[in-house]
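Down below is the structure, laid out as structure tokens.
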Amino acid sequence: MRKAIFPGSFDPPTLGHTEIVARATALFDEVIVAIGTNSAKNSFFTLDERLELLKRSFAHLPTVRVQAYEGLTVDFARAQGAHFLLRGLRTGQDLDYERPIALINRHMDDRLETIFLITSGAHSHISSTLVREVIRYGHDAVGLVPDEILEMIRAKQAGAK
Ligand code: ADP
């Protein structure tokens, strides 16, 4: 069974993430969208909120599973029996950032391959960082995040007022 881990913060999930995962379902039997919880980053959406946002975003894809993990991604991948790490590339800057991470991961586990999918032009300007700013300052995230999570995001914006 070909399993891939798609690790990230997903704070929040965006149409960039859903594009990469949807395309990956044609390549892998299972894609585990995994929220890493050990990063020093302070998240805008809580872990529970991000899990729920991801579940709603991928409810229509039966081979996609959503999970949180602590520790190194390589250890999580091994525990899951996954031999592939999936990452999305928007720009050359993303590649510069990803290259050493992929090499270190393969240094730690040489059976683990990182697979990069290049995002389409339609989504290459979208980052969780920018989408967070849109949301934080009360603008609507339509066209940036999956339709399935718009309501939940609007409810959080309404609660924050
Ligand atoms: P991280 O905290 O690791 O940067 P993110 O949640 O921002 O996590 O991203 C997770 C993965 O999704 C990364 O591989 C990142 O390159 C990819 N990604 C983020 N935004 C996009 C996008 N707009 N198009 C394609 N891939 C994306």
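With 0.36 nm allotted per residue and the present C-alpha distance subtracted, the Arg154-Thr129 stretch has 7.3 nm of extension available.
Across all directions, the average projected area of the convex hull around the alpha carbons of the stretch 41-161 is 8.6 nm². Entry note, the chain: relative contact order of 30 percent, from Cα contacts under 8 Å with a spacing of 6+ residues. Once the Cα atoms are used to define both axes, helix 92-108 deviates from the longest principal axis of the chain by about 40 degrees. For the stretch 21-96, the square roots a ≥ b ≥ c of the C-alpha gyration tensor eigenvalues yield an a/c under 1.5, which makes the shape rounded. Per residue, the stretch 63-161 exposes an accessible area of 60 Å² to a 1.4 Å probe, with every protein chain left in place.
The values are calculated or read from the model by the stated rules, or taken from the named source; none is laboratory data. Everything numeric here is computed off the predicted structure, so don't read it as measured data. Side chains are part of the model used for accessible areas, which takes the heavy atoms of the whole protein and leaves out ligands, DNA and RNA. Shrake-Rupley method; radii C 1.70, N 1.55, O 1.52, S 1.80 Å.
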